[in-house]
Amino acid sequence: MRYFVQTVDFGCLVGRGERVDIKVLRYFLALAKQESVTAAADYLHITQPTLSRQLMELEDELGSKLFIRGSRKIMLTEEGMHLRQRAEEILDLVHKTEAEFHQSDKTLSGDIYIGCGETDALRPVVKVIKAMQLDYPHVRIHIYSGNANDVTERIDKGLLDFGVLIDPVHLENYESLCLPQKDKWGVLMRKDDELAERDFIRPEDLWDLPLIMSRQKYVSDGIARWIKRDYDKLAVVATYNLIFNAALLVEQNVGYALCLDKLVNTSGESRLCFRPLEPLLEVDVNVVWKRYQLFSRVSTLFLQRLKAGIL
């Protein structure tokens, strides 16, 4: 199997319309991981001269130097790092495609790839996953955690079958199914903070405080509208893409994190608490998939069951 590599997407690589063999991409990734021709050749069960020749030909085809050959180890150039990311995506897609064609006609099996933001509204999706696991034990679920930008990029590239996205997001390019539960925005703070004595947090309470915000632009714009201040005028001391590390910053009194409810444990001996915003700021959570997507049998069944449980 041969894949056309769009070198224009590699940033510094020169687009020349070359064709790169999947096997050579595997060789390239093995050397990038092992950082040694000897170790990579042993891992691939080929000779060192064969590996060296294939990778030199790859550099010639792409017209770019991919490796820095040091005395102790081999490192990637900037162009090599671009190619590594693209090669991993291509091989992931190859594996996903091959697995779909190898599904048994007698026993339903296969893989479902789902990208998710952090949300408690995921519970109906999890129930469907659990039911499918009981009925079809050979079906495997692969969860990729990331923000909306990460998830939609992987959907567009065919690396994910579905995404679970939290508003605000643009859904024009996708089919979507709105989950029944909405997510509620609020502030994560320490329990010994003065604001923790309140039942909810108003915009003016946060104007002069150090804030820890989501790094997604659409989310930041929505918060800025609620807080009635330009984002650039807020005292944003840190940003996050997943809330766990932001919670550690809050615990160390770095700032106040604006986040969704039920994502951080605030019970018992936790030093943290969550207070909702006032006016209330709730958002929808959507399951999305690419328009005109050709699903595998297991992905089709998953979507059918999800719709039956929600609609």
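The values are calculated or read from the model by the stated rules, or taken from the named source; none is laboratory data. Owing to the predicted nature of the structure, the values given are computational and were not obtained by experimental measurement. Cβ: placed from backbone, ideal geometry, glycine included. Neighbour counts: every protein chain shown. When the accessible area is computed, the model is the full protein with side chains, heavy atoms only, and any ligands, DNA or RNA have been set aside. Shrake-Rupley method; radii C 1.70, N 1.55, O 1.52, S 1.80 Å.
Of the residues LEU277, LEU306, which single one is farther than 26 Å from LEU108 by Cβ, crowded, with 19+ Cβ neighbours inside 10 Å and touching a residue at least 60 places away in the same chain (Cβ under 8 Å)? Can you show your working first?
Details: LEU306 fails: farther than 26 Å from LEU108 by Cβ.
Going through LEU277, LEU306 in turn, just one is farther than 26 Å from LEU108 by Cβ, crowded, with 19+ Cβ neighbours inside 10 Å and touching a residue at least 60 places away in the same chain (Cβ under 8 Å): LEU277.
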How many residues are touching a Cys at 6+ places or on another chain (Cβ under 7 Å) and in a strand (DSSP E or B) when one looks only at segment 187-216?
-> 2
Kindly indicate the residue of segment 112-145 that is among the hydroxyl-bearing types (Ser, Thr, Tyr) and outside any strand (DSSP E or B) and also surrounded by the most Cβ atoms within 10 Å (Cβ to Cβ) among those meeting that condition.
-> THR119
Unique match (being in a helix (DSSP H, G or I) and among the hydrophobic types (A, V, I, L, M, F, W, C)) among VAL288, VAL264, VAL298 = VAL298
Kindly establish whether MET75 is assigned to a helix (DSSP H, G or I) and open to solvent by 40 Å² or more (accessible area, probe 1.4 Å).
-> no
Across segment 217-267, the tally of residues that are in contact with a strand residue (DSSP E or B) (Cβ under 9 Å, 6 or more places away or on another chain) and either open to solvent by less than 90 Å² (accessible area, probe 1.4 Å) or touching a residue at least 60 places away in the same chain (Cβ under 8 Å) (or both) stands at 35
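Can you tell me how many residues within segment 280-303 are modelled with pLDDT under 90 and either open to solvent by 20 Å² or more (accessible area, probe 1.4 Å) or over 17 Å from GLY158 (Cα atoms) (or both)? Break it down stepwise before answering.
Applying the first criterion (modelled with pLDDT under 90) to segment 280-303 yields 291-297.
Keeping just the survivors that are either open to solvent by 20 Å² or more (accessible area, probe 1.4 Å) or over 17 Å from GLY158 (Cα atoms) (or both) gives 291-295, 297.
Looking only at that region, the number is 6.
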